[in-house]
1. With a 1.4 Å probe and all protein chains kept in place, how much accessible area does B:Arg116 have, in Å² rounded to the nearest 10?
2. Leaving out ligands, DNA and RNA but keeping every protein chain, what accessible area does A:Asp72 have, in Å² rounded to the nearest 10, with a 1.4 Å probe?
3. The stretch B:105-167 to the stretch B:32-64: how many Å between their Cα centroids?
4. Roughly how many debye, to the nearest 20, is the charge dipole of chain A about its Cα centre, given +1 on each Lys and Arg Cβ, -1 on each Asp and Glu Cβ, and no other charges?
5. Less than 20 Å apart at the alpha-carbon level, and either on another chain or at least 8 residues along: which lysines does that give for A:Lys24?
6. For the stretch A:27-134, take the alpha-carbon Rg, divide it by the Kirkwood Rh, and send me Rg/Rh.
7. Classify the protein assembly as shown from the C-alpha gyration tensor, please: rounded if a/c falls under 1.5, else prolate or oblate depending on whether a/b exceeds b/c.
8. Return the calculated 222 nm mean residue ellipticity for chain A, to the nearest 500 deg cm²/dmol, obtained by summing -39500 (n - 2.57) across DSSP H runs with n ≥ 4 and dividing by the residue count.
Number of protein chains: 2
Amino acid sequence: MANESSIRARVVVQQCLHAKLQVKLSEAKSGAEWVEISRGMVIYVCFFKGATEDIIPKMVNGLLNMKICETDSGKYTSVLELPGSVLIVPQATLGGKPKGKGMQYHGNIGKEDGQRLYASFVAHCENELSLSCKCSEAGTEVKHGTYGNRQILKLDTNGPYTHLMEF
Amino acid sequence: MANESSIRARVVVQQCLHAKLQVKLSEAKSGAEWVEISRGMVIYVCFFKGATEDIIPKMVNGLLNMKICETDSGKYTSVLELPGSVLIVPQATLGGKPKGKGMQYHGNIGKEDGQRLYASFVAHCENELSLSCKCSEAGTEVKHGTYGNRQILKLDTNGPYTHLMEF
């Protein structure tokens, strides 16, 4: 794992049977909007100051090919091989560092840069799934939250198998 | 945050409106058993080799007093002050270290030591909540998973506010 001072991105990954994320709050004229996936992987992602576009392919490659998804027979494979869907949740709180009884987020990337890297991360994930024959045949999908919003999430797992990965 | 080689425990924390964890699989003669909490905090915990009993009070104190729970007015307070309930999930996968396309868990604590520290962690959390007037009055509770089991989890959030803390 990367040394703290050199960490550019922190990711927490959980497995799911079903996950649902609100992407638009309910308003007077319209109800809330949600995206959802069935079996697959929830990726919570946070970028730090100094993160640049060049880490995105490495991150996406590492995450989508890492054998942390359980098959029906109890073995472990990647989300691309499962094949499963992916729900990406922007999660700035992951950049928090305890200071007394509060959390500080001084290491987090600025809003514009974060938004740009997040969009690129989503696009790279979409591209990887579209290039995978298994994913295309099974119709698995990439869904994602809106950067900067509250991430209202409902998660149903057969064991989250929570993993931390830093880049 | 602690240097990697000196990390004794890794914790991921999420806020919830409701969380439900299976603690006993369904068997021929009996249905599955679940524990659940309403509003509060889900704590996923993993111990590393070298972790000892003396880190438990510091961990519990840090986690239960950290201002990462959102109040109705949108401010942040601790789970003890909210007051909220706590669901503790043993999560050995958090100790994983990427090696090629797989995860290795060589740094994880052995089963017996892990079980003992986990039980102590749960007991310290229960004690802290029982000592809190706000928690006692509101009837908030500590629930927890069974160490070494599959952690079948269902989570409902108003934003998970995922945080990482290492000790």
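1. Accessible area of B:Arg116: about 120 Å².
2. 140
3. Value for the Cα centre distance between the two parts: 3 Å.
4. Working: 19 positive and 17 negative charges, 132 e Å.
The calculated dipole for chain A is roughly 640 debye.
5. Hits, sequence-local ones excluded: A:Lys111, A:Lys143, A:Lys154.
6. 1.04
7. In terms of gyration-tensor shape, rounded.
8. Helices in chain A give a 222 nm mean residue ellipticity of -7000 deg cm²/dmol.
The values are calculated or read from the model by the stated rules, or taken from the named source; none is laboratory data. None of the values given here were measured: they were computed from a predicted structure. Don't worry about glycine lacking a Cβ; one is built from the backbone with ideal geometry, like all the others, and counts go over all protein chains shown. Only protein heavy atoms, including side chains, enter the accessible area calculation; ligands, DNA and RNA are left aside. Shrake-Rupley method; radii C 1.70, N 1.55, O 1.52, S 1.80 Å.
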